[in-house]
Amino acid sequence: SCFLRRTPVKVRNIRFVYLVVSTMLSYVEFWLSGEIISWPVYLPSTRISVVFSLIFQAQIQLLGNVVIWYAASTSMLLYIVLFLWYLLRRQRKIYDIPEGCWRSWALAGAFCLGGWAVNYLPFFLMEKTLFLYHYLPALTFQILLLPIVLQHLHDCVLRTEALKQILSALLVAGLSSVFLVFRTFSPLTYGQPALSAAELQELRWRDSWDILVKRQQK
């Protein structure tokens, strides 16, 4: 059997800790809610964290990967632009891509954009308090669309080998950025190791990120 080792924690002012945690829970609904229309471009998180810093000098932020979040939204926007372009051109009997590519392109959009719309648009009709995590199912369909757009650009849009190599280089750079961002923010993802106040300030890439910074007492 497995046993968890319990490490005693000395808390000098338990009433203060209880007051802070209670206040956070009282406002968690406000922190997690947001404008629905901003969800596709709003990086999750930034307004609520599971805070351990009062005791352990560490915290867990509900912070997504910046690169993945915006790359997924960009891929959806690019898909819509290309789809409308192809559609208008086909109305004029101009076929920029083979028929097989067009069918695959349209089918992928029907699945991914349809799944995104079904999981996102109904929230505009709801009157209850909504949370940012309600957008995560829709975000999943955006992420699924990203490799489809990249493959379409490589196979059907880019004509020369040089352009395809540039796209491949950008893809490698993007994947490297995903890893670097994950590694950079992993202390806020897993709550360890604890960071200093200066290190936490360096991770605040946006002003809207309410990362708790607790000054060390002298």
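The values are calculated or read from the model by the stated rules, or taken from the named source; none is laboratory data. In this text, all values refer to a predicted model and were calculated from it rather than measured experimentally. Glycine also receives a Cβ, built like all others from the backbone with ideal geometry; neighbour counts cover every protein chain displayed. When the accessible area is computed, the model is the full protein with side chains, heavy atoms only, and any ligands, DNA or RNA have been set aside. Shrake-Rupley method; radii C 1.70, N 1.55, O 1.52, S 1.80 Å.
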Exclusive hit being assigned to a helix (DSSP H, G or I) and acidic (D, E), set E127, E199: E199
From the set of residues in the range 51-102 that are open to solvent by less than 70 Å² (accessible area, probe 1.4 Å), out of contact with any helix residue (DSSP H, G or I) (no Cβ under 8 Å at 6 or more places or on another chain) and not in a helix (DSSP H, G or I), which is modelled with the lowest pLDDT? S53
Looking at the range 123-135, can you tell me whether even one residue there is in contact with a Lys or Arg (Cβ under 9 Å, 6 or more places away or on another chain) and under 20 Å from T74 (Cα atoms)? yes
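How about the range 141-166: which of its residues are loosely packed, with under 15 Cβ neighbours inside 10 Å and closer than 19 Å to W105 by Cα?
From the range 141-166, those loosely packed, with under 15 Cβ neighbours inside 10 Å are 147, 151, 154-155, 159-163, 165-166; that's our starting set.
If the condition is that a residue be loosely packed, with under 15 Cβ neighbours inside 10 Å and closer than 19 Å to W105 by Cα, then P147, Q151, H154, D155, R159 are the ones that fit.
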